[in-house]
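Peer 1: Below are the structure tokens for one structure; questions will follow.
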């Protein structure tokens, strides 16, 4: 450790800030850099899955596997962009897009019943049977006006989640 | 808060008891009929993940994260200008050139005195056990005083000195192996320790054996039952030295306490808490066993100006009627943390050595699943 902000120049900070659309302040970016260096134990310039798993709070998270896909091998700029959805300055649109990306594992812009089922399985584990999961999903989908074989796109997600008062915020600790 | 489960009869040192503390209903309980948006809205789980990555304080985890407990914060450099720097250089010369050799001398002297008294006593007084034990105790205390002198330890003891009585166990927070030396200087305790390799292990098997020490090996599963039995036997023996235990199970950086292992709180004996707080003014006494060997750690202490700390012997506690061992452990942890002025975190020290078991994730899944099913019923 011992990585201080002297490792990041003002240019670097501004570049990262631009990349994440100003969702983080310069101080927050410095803090995030310290955290990045702390996690990146072998100083490879990116955080591997193993290094993420060394954070117990992350390892016990039911969605950690899905998030791995998105975070594995990110350099610092991408790391900050990944976390930008959690900033209080991020727009609702941004947050919903982020949630959509978590569902849309193959990145083709479409979320099918199977994707919804996968996430529900991650969240509920063995405590609901597969059959019950399908039933529950089908039921709520139909109530919302969709069918079991409907394909959901980003605008659907915006419609469903848009006015729920979505709260997804993490405060970056600033020393 | 989720209810605390009652402990099982077996003393369990290695199983992380984190599931008894992590509150799974920390996220606000939603209610009302289940809708599509409730299933689609994974933001609470994502927030937890994000918070974990960023090392932020989230309400559900009561503040600080696991990695913070083991971070050694380097002190602010103060020697950064034209006149402070030469002063600092002078200080280095004094510390390494004068103090260090003197300390090494003191320590060597101490060892020589100790060994020349200990070996005859140990061998010749084989028949007179009571006298032999008394002398050995005194000698170990003496050796520890020499150790403390070799770092110029400025230790302030507060509270009544421990007295040897049966059915009594002392617990303290743990920052480094020197905790043991500092406490041992005042009273010859018996300890339970992880067996170390190298010269430390040698000391453990010979000298510490005489004050009555119990060894365990973290990685050995069967070890647990053996250790549990030995503990019980020791506490009940009237002639044994009072037992000292560090229930955190690992060294923490003296700003936090991690969860206490419930094992010793199940024994039914009186628990006497001891709080130790180091002053980082000259040196940080935290031994980061992953970064330094004990020898390096000792050398670091011996080349600094002084080791300053406070030791508080606190009021003995008994398990209250209707209290579970875990609640008892937490209560004692609260007493120690409050006295030493350090924060409590709900993390298990052994997570330093191993990954959290699937049980923790399953608990979250179970809570969510039950919520979904319940709301499905709500019409």
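The values are calculated or read from the model by the stated rules, or taken from the named source; none is laboratory data. Since this is a predicted model, take the numbers as computed values, not measurements. Cβ coordinates were reconstructed from backbone atoms using ideal geometry, including for glycine residues, and neighbour counts include every protein chain displayed.
Peer 1: Just wondering, is there one or more residues in segment B:167-176 that are closer than 23 Å to residue B:296 by Cα and surrounded by fewer than 16 Cβ atoms within 10 Å (Cβ to Cβ)? Can you show your working first?
Peer 2: To start, the set of residues in segment B:167-176 that are closer than 23 Å to residue B:296 by Cα comprises B:173-176.
This time we only want the ones that are surrounded by fewer than 16 Cβ atoms within 10 Å (Cβ to Cβ), so: none.
No, the conditions are met nowhere in segment B:167-176.
Peer 1: Against the definition (facing another protein chain (nearest Cβ under 8 Å) and either touching a strand residue (DSSP E or B) at 6+ places or on another chain (Cβ under 8 Å) or modelled with pLDDT under 85 (or both)), how does residue A:55 come out, yes or no? Don't jump to the end; show me each part of the working.
Peer 2: Details: facing another protein chain (nearest Cβ under 8 Å): yes; either touching a strand residue (DSSP E or B) at 6+ places or on another chain (Cβ under 8 Å) or modelled with pLDDT under 85 (or both): yes.
Here the answer is yes, as residue A:55 does meet what is asked.
Peer 1: So if I check each of B:287, B:305, which one is out of contact with any strand residue (DSSP E or B) (no Cβ under 8 Å at 6 or more places or on another chain), surrounded by fewer than 23 Cβ atoms within 10 Å (Cβ to Cβ) and not in a strand (DSSP E or B)?
Peer 2: Within the list B:287, B:305, the selection yields B:305.
Peer 1: Tell me whether segment A:89-105 contains one or more residues that are farther than 30 Å from residue A:28 by Cα and not assigned by TED's automatic domain parsing to the domain that holds residue A:15.
Peer 2: Going residue by residue through segment A:89-105, those that are farther than 30 Å from residue A:28 by Cα are none.
No, every residue in segment A:89-105 fails to be farther than 30 Å from residue A:28 by Cα and not assigned by TED's automatic domain parsing to the domain that holds residue A:15.
Peer 1: Now for a separate question. I'm trying to understand the selection: among the residues of segment B:73-86, which are surrounded by 12 or more Cβ atoms within 10 Å (Cβ to Cβ) and not in a loop (DSSP other than H, G, I, E, B)?
Peer 2: To start, the set of residues in segment B:73-86 that are surrounded by 12 or more Cβ atoms within 10 Å (Cβ to Cβ) comprises B:73, B:79, B:84-85.
Matches in segment B:73-86: B:84, B:85.
Peer 1: Looking only at segment A:127-160, how many residues end up being over 15 Å from residue B:34 (Cβ atoms) and under 22 Å from the mean Cα position of the chain (by Cα)?
Peer 2: 9
Peer 1: Oh, and also: Which of the numbered conditions does residue A:34 fail, given that it passes all the others? Conditions: (1) outside any helix (DSSP H, G or I); (2) touching a residue at least 24 places away in the same chain (Cβ under 8 Å); (3) over 30 Å from residue B:366 (Cβ atoms).
Peer 2: Single failed check for residue A:34: (1).
Peer 1: Same structure, new question: Of the residues A:28, A:15, which single one is in contact (Cβ under 8 Å) with a residue 12 or more places away in the chain, over 29 Å from residue A:121 (Cβ atoms) and surrounded by fewer than 19 Cβ atoms within 10 Å (Cβ to Cβ)? Steps first, answer last, please.
Peer 2: Details: A:28 fails: surrounded by fewer than 19 Cβ atoms within 10 Å (Cβ to Cβ).
Unique residue meeting the criteria: A:15.
Peer 1: Quick one: what pairs do we get from segment B:355-379, first residue closer than 18 Å to residue A:129 by Cα, second outside any helix (DSSP H, G or I) and at pLDDT 80 or above, C-beta under 6 Å, 6+ apart or different chains?
Peer 2: B:361/A:60; B:361/A:62; B:364/A:62; B:365/A:62; B:369/A:128
Peer 1: Now for a separate question. Test residue A:45 against the criterion of being modelled with pLDDT under 85 and either under 17 Å from the mean Cα position of the chain (by Cα) or within 14 Å of residue A:78 (Cβ to Cβ) (or both), and give yes or no. Write out each step before concluding.
Peer 2: Working: modelled with pLDDT under 85: yes; either under 17 Å from the mean Cα position of the chain (by Cα) or within 14 Å of residue A:78 (Cβ to Cβ) (or both): yes.
It is true that residue A:45 is modelled with pLDDT under 85 and either under 17 Å from the mean Cα position of the chain (by Cα) or within 14 Å of residue A:78 (Cβ to Cβ) (or both).
Peer 1: Within segment B:177-199, identify whether any single residue is buried (at least 19 other Cβ atoms within 10 Å of the Cβ) and at positive phi, and answer yes or no.
Peer 2: No, segment B:177-199 has no match at all.
Peer 1: Right, something else. Name the pairs: first residue in segment B:34-45 and more than 7 Å from chain A (Cβ to nearest Cβ), second residue crowded, with 21+ Cβ neighbours inside 10 Å and part of a helix (DSSP H, G or I), Cβ to Cβ under 9 Å, at least 6 apart or on different chains?
Peer 2: Taking only residues 6 or more apart or on different chains, the pairs are B:38/A:140; B:38/B:372.
Peer 1: May I ask you to say which residue of B:311, B:345, B:372 is modelled with pLDDT of 80 or more and either under 17 Å from the mean Cα position of the chain (by Cα) or more than 13 Å from chain A (Cβ to nearest Cβ) (or both)? Steps first, please.
Peer 2: Details: B:345 fails: modelled with pLDDT of 80 or more; B:372 fails: either under 17 Å from the mean Cα position of the chain (by Cα) or more than 13 Å from chain A (Cβ to nearest Cβ) (or both).
None of the others qualify; the one that does is B:311.
Peer 1: Residues that are within 7 Å of chain B (Cβ to nearest Cβ) and within 26 Å of residue A:40 (Cβ to Cβ): list the helices (runs of 4 or more DSSP H) wholly contained in segment A:62-175 that include at least 1 such residues.
Peer 2: Passing ranges, in order: A:64-71, A:76-83, A:92-103.
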